[in-house]
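This report refers to the structure that appears directly beneath it.
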Amino acid sequence: MNATESKNAFSYEDTLSFENAIGFENKYLYEQDPAFSPEMNRKKAIEVKDLNLWYGGNQALKKIYLDIPKNKIFSLIGPSGCGKSTFLRTMNRMNDMISNCRIEGKVCVDGENIYGKGIDVTGLRKRVGMVFQKANPFPMSIYENIAYGPKIHGVSKKEIPGIVEESLRCAALWDEVKDRLKEPALSLSGGQQQRLCIARTLAVKPEVILFDEPCSALDPISTGKIEELMAELKKDYTIVIVTHNMHQAARISDCAAFFLSGELIETGKTAQIFENPQDKRTEGYITGRFG
Amino acid sequence: MMRSNYDSELTKMREDIILMSRISTNMFEQCMRLFFDERAVSIQNLEEMKKQQEVIEKEIERTAAKLITLQQPVAKDTREIICAVLIAADWMKISSHITDISDISVLCTEKIELDSEEWKMLRLIKDAAEKMLNGAAEAYRTRNTDKALFTAETDDEIDRTLWKMWNNFPESGGGSSFSFYPLMIAEHIERIGDHAANICEEIMYLEKYEQVRLNN
């Protein structure tokens, strides 16, 4: 699905009523009511059902059920080692690269189980892009960094300049780099490099963008720019973010999920989680009293 | 270490609120003696207690601003801090009404006819307000939302009695036997009841995360 289709498919009110209808507080939704209408299923970007993950003999994710709505920012919070980054990486099969990793259950992106047979993992990672904790531009020019993805996905040469400009504009970087596109990407500041990585992700037109602590190495100004950017991007993309910064999660996300020891403890609208969490463990963590 | 300091500052703020509630209830009791028990009560003492309240209220505001800025509280901690500021302001306003009532005692030079209808009604209002102040103080101290709801119900009793007092007020602007002072005092007590009901609302928000309207 491209950005325009996604934007026009559902209004904000539709999404709200959808949220009210399914109630994100209920993490065992599928156990209770597996028969969702096709209309509702269309509004879920990602559905996770009974997901279990092991690293060797260590179970890192336990019976996770979670829906991630389209065109929202969904934050994953929890103490170090709770499984949130592992969970994030299951959404574009980044865990496949870990030799002793075993996964059971379903992760459906736009209704399709990405752990099903015959899934093209490269195609999946185009649909579900990822931005990492540390900005990792390629050691090439700013322009080439953005052009690289579309090129390997077979986009014609004449389309590339337009994609580069559009991606840099969407990542709020165009005005800062338009006169030096041929300069090395590594000459950019840390915050600019991170926005370049976001632009690189946008260039291949994903449906979902996964952010793994994207601002942890950035100063408050750069962090603010990334957060504003995410708020803009959610109009066209679904965003899932792992963050240790509780206030960042509270500021930017629409929904949040709290993980602890590989379990999904609580999920719901961000305001609900941060104003009146239902589980004592969630409250203990977000108020800084344990974790 | 950081969190234990944070927790101890929150605890101190709660204790300050409880102290304010004790001072206000004590002030109310002393102030009412001025009229009903004919015992000598120093108005100066009430003023000093009010000043003490002002110092505590400022300290609560200062702590709240510091905790919000430095600790960035969430969940119940946020409500705890917001409610501390609101409740402190309500106790402060209660104290101000009490000192206003004590000022009326200076103006009231006439002989108080405690058997008259208006003074009897004032006593009813005073008893109800006393019940509300003690109830609100206890509900906060014990975090008892049932007690808060029950306490707030008494506010209607005060409003009804005040309404009756106004209805008894002579249309001519006061007959020879009518004293205006009980009505003036009752107006202040009615406002005290409103602030006590506000405190009960704040306890509901603090404990249940429910914004209820108890002060009608």
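The values are calculated or read from the model by the stated rules, or taken from the named source; none is laboratory data. Quantities reported herein were computed from a predicted structural model and do not represent experimental measurements. Note that we place each Cβ from the backbone using ideal geometry, even for glycine, and neighbour counts take in every protein chain shown. When the accessible area is computed, the model is the full protein with side chains, heavy atoms only, and any ligands, DNA or RNA have been set aside. Shrake-Rupley method; radii C 1.70, N 1.55, O 1.52, S 1.80 Å.
Measuring max minus min along each principal axis, the C-alpha atoms of segment A:89-171 give extents of 41, 27, 20 Å (largest first). Of interest is the spacing of the C-alpha centroids, which for segment B:1-33 and segment A:113-135 amounts to 56 Å.
Over segment B:3-208, the reciprocal of the mean inverse Cα-Cα separation, the Kirkwood hydrodynamic radius, stands at 17.9 Å. For B:ASP115 and B:GLU153, a Förster radius of 22 Å and the Cβ-Cβ distance give a FRET efficiency of 0.15, rounded to the nearest 0.05.
Given a 1.4 angstrom probe, I'd like the percentage of the accessible area of segment B:3-208 that is carbon and sulfur, rounded to a whole number.
On the way: 4760 of 9600 Å².
Accessible surface attributable to carbon and sulfur in segment B:3-208 totals 50 percent.
Is any helix in chain B, taking whole DSSP H runs, at least 30 angstrom long along its axis by alpha carbon and on average at least 0.0 on the Kyte-Doolittle scale, and which ones?
On the way: long enough: B:2-36 (51 Å, -0.30); B:43-71 (41 Å, -0.72); B:75-107 (49 Å, 0.62); B:117-142 (37 Å, -0.63); B:145-168 (36 Å, -1.02); B:181-208 (40 Å, -0.08).
Taking the DSSP H segments of chain B (at least 30 Å long, mean hydropathy at least 0.0), we get B:75-107.
Cβ-Cβ distance of B:GLU138 and A:ALA271, R₀ of 45 Å, FRET efficiency by 1/(1 + (r/R0)^6): the value works out to about 0.90.
Distance between the C-alpha centres of segment A:63-81 and segment B:98-138: 58 Å, rounded to the whole angstrom.
With the full set of protein chains in place, find how many percent of the accessible area of segment A:3-286 is carbon and sulfur; take the probe as 1.4 Å.
50
Max-minus-min Cα coordinates of segment A:134-262 on each principal axis give 47, 28, 25 Å, with the largest extent listed first. Across B:GLU187, B:GLU201, B:GLU59, mean-square fluctuation computed from a Gaussian network of chain B (C-alpha pairs under 10 Å connected) peaks at B:GLU59.
Note down the Stokes-Einstein diffusion coefficient of the protein assembly as shown in µm²/s, whole number, using a Kirkwood radius over alpha carbon pairs, 4 °C, and 1.567 mPa s. Rounded, D is 48 µm²/s.
What residues of segment B:195-216 lose no less than 50 Å² of accessible area with every protein chain in place versus their chain by itself (probe 1.4 Å, heavy atoms only)? The answer is B:TYR209. The accessible-area loss of segment B:34-80 on complex formation, taken against its chain alone with a 1.4 Å probe, reaches 10 Å² or more at B:GLN72, B:VAL74, B:ALA75, B:LYS76, B:ASP77, B:ARG79.
Per residue of A:140-150, how many C-beta atoms from partner chains lie within 10 Å of its own C-beta, taken as a mean?
Numbers: counts 0, 0, 0, 0, 0, 0, 0, 0, 0, 0, 0.
Whole-number average of other-chain Cβ neighbours for A:140-150 is 0.
Which listed residue (A:GLY111, A:ILE273, B:ALA137) has the Cα farthest towards the positive end of the charge dipole for the protein assembly as shown, taking +1 on Lys and Arg C-beta and -1 on Asp and Glu C-beta about the Cα centre? Value: A:GLY111.
Restricting attention to segment A:229-291, which GluC sites (Glu not before Pro) occupy a DSSP loop and are surrounded by at most 10 other Cβ atoms within 10 Å?
Details: sites: A:GLU232, A:GLU263, A:GLU266, A:GLU275, A:GLU283; in loops: none.
Within segment A:229-291, no GluC sites (Glu not before Pro) qualify (loop, at most 10 other Cβ atoms within 10 Å).
Percentage of Cα-Cα pair distances in segment A:34-164 greater than 21 Å, rounded to whole percent?
Values: 4411 of 8515 pairs.
Every Cα pair in segment A:34-164 considered, those over 21 Å come to 52 percent.
Put simply, chains A and B cover up around 1000 Å² of each other's accessible surface, both sides summed, when a 1.4 Å probe is used.
Pairs from the list A:LYS72/A:LYS134; B:LYS76/B:LYS208; A:LYS151/A:LYS182; A:LYS43/A:LYS269 with a Cα-Cα gap above 20 Å: A:LYS72/A:LYS134.
Over segment A:88-192, calculate the relative contact order: mean separation of alpha carbon pairs under 8 Å at least 6 apart, over the residue count, as a percent. Write out the running numbers ahead of the final one.
On the way: 65 pairs, mean separation 26.8, N = 105.
Normalised by residue count, the contact order of segment A:88-192 is 26 percent.
When +1 charges are put on Lys and Arg Cβ atoms and -1 charges on Asp and Glu Cβ atoms, the dipole computed for segment B:3-208 relative to its Cα centre reaches about 680 debye.
In segment A:247-291, comparing the full protein assembly with the chain on its own, the residues that lose 50 Å² or more of accessible surface at a 1.4 Å probe are A:HIS247, A:GLU275, A:ASN276, A:THR287, A:ARG289.
Under a 1.4 Å probe, what is the accessible area of the protein assembly as shown per residue, stated in Å²?
Working: 23410 Å² over 507 residues.
Result: 46 Å² of accessible area for each residue.
Please grab the % of Cα pairs in segment B:111-195 that end up more than 14 Å from each other. Counting every Cα pair in segment B:111-195, those more than 14 Å apart make up 63 percent.
When the Cα atoms of segment A:3-286 are aligned to their principal axes, the ranges along those axes come out at 55, 44, 41 Å in descending order. When chain A is treated as a Gaussian network with alpha carbon springs shorter than 10 Å, the biggest mean-square fluctuation among A:LEU53, A:LEU202, A:LEU210 belongs to A:LEU53.
On the beta carbon distance between B:GLN52 and B:ASN167, with R0 = 45 Å, the FRET formula returns roughly 0.70. Here is the list for segment A:227-291: chymotrypsin sites (Phe, Trp or Tyr not before Pro) lying in DSSP coil, each with at most 12 other C-beta atoms within 10 angstrom of its C-beta, are A:PHE290. Here each label is just a point 7 Å from Cα along the line to Cβ, and for A:PHE132 and B:GLU59 those points are 5.4 nm apart.
Helical runs assigned H by DSSP (4 residues or longer) give the protein assembly as shown a calculated mean residue ellipticity at 222 nm of -18500 deg cm²/dmol, each run adding -39500 (n - 2.57) before division by the residue total.
What are the trypsin sites (Lys or Arg not before Pro) within segment B:74-156 that DSSP puts in a loop, where the Cβ has at most 13 other Cβ atoms within 10 Å?
Numbers: sites: B:LYS76, B:ARG79, B:LYS93, B:LYS111, B:LYS120, B:ARG123, B:LYS126, B:LYS131, B:ARG141, B:ARG143, B:LYS147; in loops: B:LYS111, B:ARG143.
Passing sites in segment B:74-156 are B:LYS111, B:ARG143.
Using a 10 Å Cβ count of at most 15 others and DSSP loop calls, identify the longest part of chain A lacking such trypsin sites (Lys or Arg not before Pro). The reported range is A:1-116.
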